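Peer 1: Got a structure for you, questions after.
The values are calculated or read from the model by the stated rules, or taken from the named source; none is laboratory data. Owing to the predicted nature of the structure, the values given are computational and were not obtained by experimental measurement. Glycine also receives a Cβ, built like all others from the backbone with ideal geometry; neighbour counts cover every protein chain displayed. Calculation scope for accessible area: heavy atoms of the full protein, side chains included, ligands and nucleic acids excluded. Shrake-Rupley method; radii C 1.70, N 1.55, O 1.52, S 1.80 Å.
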Amino acid sequence: MNAFPADRPRNRRPFLIALVLIVAAAVAGGALFMWPRFESERPQIAVSPDADVLGVAPLEIQVTDKGTGLKSVAATLSQGGAELSLAAEQFAQPAGEKKFAVALAKVAGVKEGPAVLRIRARDASLFRGNEAVLERNVTIDITPPTLDLVADDRYVNFGGVGAIVYKASADTASSGVKIGGHFFPGFAGQVKDHPDRFFALFAHPYDTPPEARPVLVATDKAGNTRELKLGYELKDVRYRKSTLPVSDSFLQSKVAPLLADAAARQGAPKDVFVAVNRLLRKENEDRIAAVTGRATPSILWKDAFAQLSNSKVEANFADQRTYTYGGETIDTAYHLGYDLSVTKNYPVEAANSGTVAFTGDLGIYGGTVILDHGLGLYSLYGHLSSIDVKAGDAVAKRQILGKTGETGLAAGDHLHFGIYLAGIAVLPVEWWDQKWIDDNIKPKLEGRSGEEIAQAQQPARAKAKAAPKAAAKKGR
């Protein structure tokens with residue numbers, strides 16, 4: 001006989017538990033799916049230039065959202081009770097990033113003066129989304145600075161230096177001379193009795209095409225730029241070309257030891273030479289450019305620079321050298337200075353007064369001293385066997401800096417002497433010439449105009465032209 005009635009209700013508890021679990025899983029899955037839509041991080045807004053004065057330079061607006069993505073972006077400029085739209089976009093599909101470039105000078109209704117820049121960005125999270133607002137009080141300035149050239153140079157040597165004096169409006173933030181990819185800054189407060197005038201030394205660099213011409217540039221805080229073309233007659237300086245054979249003994253004794261990597265020293269002769277002459281040379285010249293690219297805003301030198309006493313020029317500035325090994329051309333390089341020969345371990349004198357900017361080993365240049373003479377002008381002394389000064393020392397003209405040697409890539413005891421302007425190697429011989437300084441530099445620093453300088457030089461030029469004629473008549 002069955003002890004349990006046939007119609008007893010079944011236990012529904014397992015079914016209910018399973019149902020609850022299914023519902024909970026569904027809720028959890030839905031929550032996991034929807035949770036990103038509830039993110040609370042606001043979009044990020046960045047503006048460039050990050051300044052309180054805006055000008056003709058494009059205003060770059062970048063908006064990002066790493067969560068649900070951007071839903072809308074709007075940028076406006078409020079000025080004089082009017083609100084001007086700079087940019088606005090609604091996104092059908094959320095975007096992680098959006099960039100705008102706005103030329104304020106081309107926006108209808110923009111005027112110079114105070115304004116409020118406002119940028120709003122909203123993301124695509126649920127409900128209204130997260131909103132970010134950037135608001136900034138700015139000044140609109142779309143007028144470039146003014147420039148007035150007071151004195152210029154009529155003649156500039158190829159690879160040499162010119163000097164100008166100019167005036168720039170009070171809103172100028174930076175100014176100077178630009179030629180090719182080079183920039184030479186101007187300095188205020190250097191012209192006698194004219195604190196409002198700027199003085200600038202500039203070069204027509206040896207590596208810049210002869211047809212290139214510089215422009216005088218002034219830029220204000222808002223990024224507005226004014227340019228003024230400079231004109232001069234470029235005097236040709238014929239730089240030498242030479243071919244130098246490289247011997248095995250030179251490779252072993254001078255070239256290979258300059259490589260820090262011992263394994264590289266064991267490479268093929270051509271590879272060893274190229275590693276030093278091209279790669280190490282570039283590294284050294286980059287270091288020199290970094291040191292000489294900084295400018296002390298005052299003159300530390302006076303009158304002509306001094307050539308090393310009792311020295312003879314053995315190699316010229318900007319000589320183009322072709323190196324051969326076994327009759328095959330393996331590399332080329334420019335020689336960016338003068339090689340001055342004297343007796344062995346000769347005392348090296350400072351060419352002019354200044355401050356020691358660098359001392360130490362400089363690869364192919366060996367033991368090196370670099371002097372800062374102010375206004376971006378530097379002198380370099382290489383291949384030294386010993387150094388008697390340290391960085392930061394003030395030195396006088398003809399003060400002993402060390403002794404000559406054959407360190408670095410020197411084939412014999414000599415001094416490598418170079419002149420640099422704003423990081424660029426320039427023709428040294430000009431700076432040894434007192435007449436060149438008296439004609440081209442001093443009058444401008446004394447406050448004389450270009451017309452006054454030209455008039456003062458006319459009698460001298462007339463005498464120079466008349467001298468050959470007089471000599472010819474006398475010989476008849």
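Peer 1: Return the carbon/sulfur percentage of the accessible area of the stretch 369-417, one whole number, probe 1.4 Å, all protein chains in place.
Peer 2: About 52 percent, which is the carbon plus sulfur part of the accessible surface.
Peer 1: Let me ask you something else. If contacts are Cα pairs under 8 angstrom and at least 6 residues apart, what is the relative contact order of the chain in percent?
Peer 2: Relative contact order of the chain: 11 percent.
Peer 1: Something else about it: Compute, for THR146, the solvent-accessible surface of its heavy atoms (probe 1.4 Å) with the complete set of protein chains present, and express it in square angstrom to the nearest 10.
Peer 2: Its heavy atoms expose roughly 80 Å² to the probe.
Peer 1: With a point put 7 Å past each Cα toward its Cβ, work out how far GLU211 is from GLU233 in nm, to one decimal.
Peer 2: Taking the simple label geometry, GLU211 and GLU233 are separated by 2.1 nm.
Peer 1: Name the residues whose placed amide hydrogens come within less than 5 Å of the amide hydrogen of GLY69, ignoring near sequence neighbours (fewer than 5 apart) on the same chain.
Peer 2: Long-range HN contacts for GLY69: ALA124.
Peer 1: Here's a follow-up. What is the helix-to-structure angle for 13-34, meaning the angle in degrees between its Cα long axis and the longest Cα principal axis of the chain, kept from 0 to 90 and rounded to the nearest 10?
Peer 2: So the inclination is approximately 30 degrees.
Peer 1: All other residues with a Cβ under 15 Å from the Cβ of THR322 taken together, and with Lys, Arg as +1 and Asp, Glu as -1, what is their net charge?
Peer 2: +3
Peer 1: Could you please state how large a percent of the accessible area of the stretch 39-108 is carbon and sulfur, counting protein chains only and using a 1.4 Å probe?
Peer 2: Solvent-exposed carbon and sulfur of the stretch 39-108 make up 48 percent of the total.
Peer 1: How many nm is it between the label spots at LEU445 and ASP303, if each spot is 7 Å from the Cα in line with the beta carbon?
Peer 2: Result: 1.2 nm between the two label points.
Peer 1: While we're here: Full extension from ALA92 to GLU452: what is 0.36 nm times the residue separation minus their Cα-Cα distance, to one decimal in nm?
Peer 2: Taking ALA92 through GLU452 to full extension adds about 122.7 nm, to one decimal.
Peer 1: Ignoring ligands, DNA and RNA, please state the percent of accessible area on the stretch 139-291 from carbon and sulfur, probe 1.4 Å.
Peer 2: Solvent-exposed carbon and sulfur of the stretch 139-291 make up 51 percent of the total.
Peer 1: Counting only protein chains, not ligands or nucleic acids, how are PHE183, PHE199 ordered by accessible area (probe 1.4 Å), most first?
Peer 2: Correct descending sequence by accessible area is PHE183, PHE199.
Peer 1: Here is a follow-up. Using +1 at the Cβ of each Lys and Arg and -1 at the Cβ of each Asp and Glu in the chain, identify which of GLY55, ALA268, GLY366 lies farthest towards the dipole's positive end.
Peer 2: Projecting each Cα onto the dipole axis, the largest value belongs to GLY55.
Peer 1: Follow-up. If ligands, DNA and RNA are left out, what is the accessible area of ASP331 with a 1.4 Å probe, given in Å² to the nearest 10?
Peer 2: Approximately 10 Å² for this residue.
Peer 1: Moving to a separate point now. On a 0 to 90 degree scale, rounded to 10, what angle separates helix 281-292 from the longest Cα axis of the chain?
Peer 2: On a 0 to 90 degree scale, this one is about 90.
Peer 1: Given a Förster radius of 51 Å and the C-beta distance between ALA268 and ASP388 as r, what FRET efficiency does 1/(1 + (r/R0)^6) yield to the nearest 0.05?
Peer 2: My answer for the efficiency is 0.80.
Peer 1: Still on this structure, please answer the following. Expressed as a rounded percentage, what relative contact order does the stretch 167-209 have, with Cα pairs under 8 Å and six or more residues apart?
Peer 2: 33
Peer 1: Moving on. Percent relative contact order of the stretch 151-250, based on C-alpha pairs within less than 8 angstrom and at least six residues apart?
Peer 2: 32
Peer 1: Taking only protein heavy atoms into account and a 1.4 Å probe, give the accessible area per residue of the chain in Å².
Peer 2: Ligands and nucleic acids excluded, the figure is 53 Å² per residue.
Peer 1: Let me ask something else about it. Could you go through the stretch 120-125 in sequence order and give the Karplus-derived ³J(HN,Hα) for each residue, using 6.51 cos²θ - 1.76 cosθ + 1.60 with θ = phi - 60°, rounded to whole Hz, and x for Gly and Pro?
Peer 2: Rounded to whole hertz, the list is 10, 9, 10, 8, 9, 5.
Peer 1: Same structure, new question: Considering the zone a paramagnetic label at THR243 would reach in this model (a point 7 Å from Cα along the Cα-to-Cβ line), which residues of the stretch 305-325 have amide N under 15 Å from it?
Peer 2: 320-325
Peer 1: Would you mind working out the magnitude of the charge dipole of the chain relative to its Cα centre, with +1 at each Lys and Arg C-beta and -1 at each Asp and Glu C-beta, to the nearest 20 Debye?
Peer 2: The calculation lands at about 520 debye.
Peer 1: Going 7 Å from the Cα of THR139 toward and past its Cβ, which residues in the stretch 195-233 have a backbone nitrogen under 11 Å from where you end up?
Peer 2: Correct set: 221-222.
Peer 1: Given 0.36 nm per residue, what is the gain on full extension from ASN310 to LEU84 after removing their alpha carbon distance, in nm?
Peer 2: 74.1 nm
Peer 1: Between beta-carbons, use under 12 Å as the cut-off and find the net charge around VAL348, counting Lys and Arg +1, Asp and Glu -1.
Peer 2: Around VAL348, the surrounding residues sum to -1.
Peer 1: Relative to the longest principal Cα axis of the chain, at what angle does helix 450-474 sit, 0 to 90 degrees, rounded to 10?
Peer 2: So the helix axis and the longest Cα principal axis differ by about 40 degrees.
Peer 1: If you average the alpha carbon positions of the stretch 280-353 and of the stretch 184-252, how far apart do those two centres end up, in angstrom?
Peer 2: Answer, in whole Å: 18.
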